[in-house]
Amino acid sequence: MGLKYLVGMAFMAFPFVMGAQTLETINDPTVKIKELDEVGPFSEGLAAVRKGVKWGFIDQEGNLVIDFRDDVVWNQNADESQGDIKAIRYPKFKNGLCAIQEIKDEGIPYYGFMDTQGRIVIEPEYLNVTGFEDDRAIGIYCRRTFRGKNNFQLNIYEYAFTEVILNTQGEIIWPISKRENISMIKKRYQTPNLTASFISPNLILIKTSDSDFQISNISEQIQKP
């Protein structure tokens, strides 16, 4: 029996199979996740998938490996040229970490990171932060000190802000500069811009004024984690 005959028999048999099963029932076992609103690109073997305002992550086999959650960072109007938290169009992993956020009692978002298991490994204590490159990121760390309650029983905090370099363990490995004039009143709050950016693994460019910049070599100050 020749190969052409076998191929022909196979095509003749296929309509009878289709008669017993619809395309829907044939394909249903292959469907991993239904009713998605959006799918992001793969990064480090995982892709973000959205239902409503919640995102989960799938692996390259289509398995949901991080369940849907509402604390991952994304922005439909992202400006990807910024390089900070405002640049994140889709949630994604870099250096094994993905940005998450927590809205604290002032009504202001603080940012941290989760790992590929969905565990928060860097607590949300940053008002702005870049993604990780070469196991380092730049962020504005906010230290909150509780000072009691006011007459309306609202919490009162004292704040201190520092732009810093952090590693993938969440350790602050180098302070860049103190930051001032950040309003923590919700109706006046604006995400503060970063003044520093990496231009190489060991060089950071720092904006010192509206028209001045400086370059710092951090290789001697920082020991790689």
Note, the stretch 57-72: 3J(HN,Hα) by Karplus (6.51, -1.76, 1.60, θ = phi - 60°), whole Hz, Gly/Pro = x, goes 10, 10, 8, 6, 9, x, 7, 6, 9, 10, 5, 5, 8, 9, 10, 7
Roughly what % of Cα-Cα distances in the stretch 60-150 sit above 21 Å, to the whole percent?
34 percent
Descending semi-axes in whole angstrom, ellipsoid equivalent of the stretch 176-219, from the Cα gyration tensor
26, 11, 8
Any residue on another chain or 5+ positions along whose placed amide H is under 5 Å from the amide H of Thr195 is listed here as none
Give me, ordered by chain and number, the residues 5 or more places off Ser177 or on other chains with an amide H under 5 Å from its own placed amide H.
Glu163
Test of understanding: what is the full-extension gain from Ser211 to Asn75, defined as 0.36 nm times their sequence separation minus their Cα-Cα distance?
46.0 nm
Ranked highest first by average number of other Cβ atoms within 10 Å, how do 168-174, 125-131 line up?
125-131, 168-174
If amide H atoms are modeled at 1.01 Å from N in the peptide plane, then the residues at a separation of 5 or more from Val121, or on another chain, having amide H under 5 Å from its own are Phe113, Met114, Asp115
Evaluate the relative contact order of the stretch 22-151 (contact order divided by residue number), counting alpha-carbon pairs under 8 angstrom at least 6 apart; express in whole percent.
14 percent
For a protection proxy built on the mean count of beta-carbon atoms within 10 angstrom, sort 44-54, 134-144 highest first, please.
134-144, 44-54
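Mind checking the full-extension length gain between Lys86 and Thr30? Use 0.36 nm per residue of separation minus the Cα-Cα distance, one decimal, nm.
Full extension of this stretch gives 16.6 nm more.
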Give me a comma-separated list of calculated 3J(HN,Hα) values for the stretch 105-121, in order, Karplus coefficients 6.51, -1.76, 1.60 applied at θ = phi - 60°, integers in Hz, x for any Gly or Pro.
5, 7, x, 10, x, 10, 10, x, 9, 10, 9, 6, 9, x, 8, 6, 10
Ranked output for segments 190-198, 58-66 by mean other Cβ atoms within 10 Å, highest leading, reads 190-198, 58-66
Gap in Å between the Cα centre of the stretch 119-155 and the Cα centre of the stretch 69-90?
17 Å
Between Thr116 and Glu180, the two model label points (7 Å from Cα along the beta-carbon direction) sit apart by a distance in nm of 4.5 nm
On a full-extension model of 0.36 nm per residue, what is the gain between Arg144 and Val39, subtracting their alpha-carbon distance, rounded to one decimal in nm?
34.2 nm
Under 28 Å from the Cα of Lys149, which lysines turn up, not counting those fewer than eight places away in the same chain?
Lys104, Lys178, Lys186, Lys187
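Coordinate-derived values only; no laboratory data. This one's a predicted model, so the numbers in the text were calculated from it and none came from an experiment. Note that each Cβ is placed from the backbone with ideal geometry, even for glycine, and that neighbours are counted across all protein chains shown.
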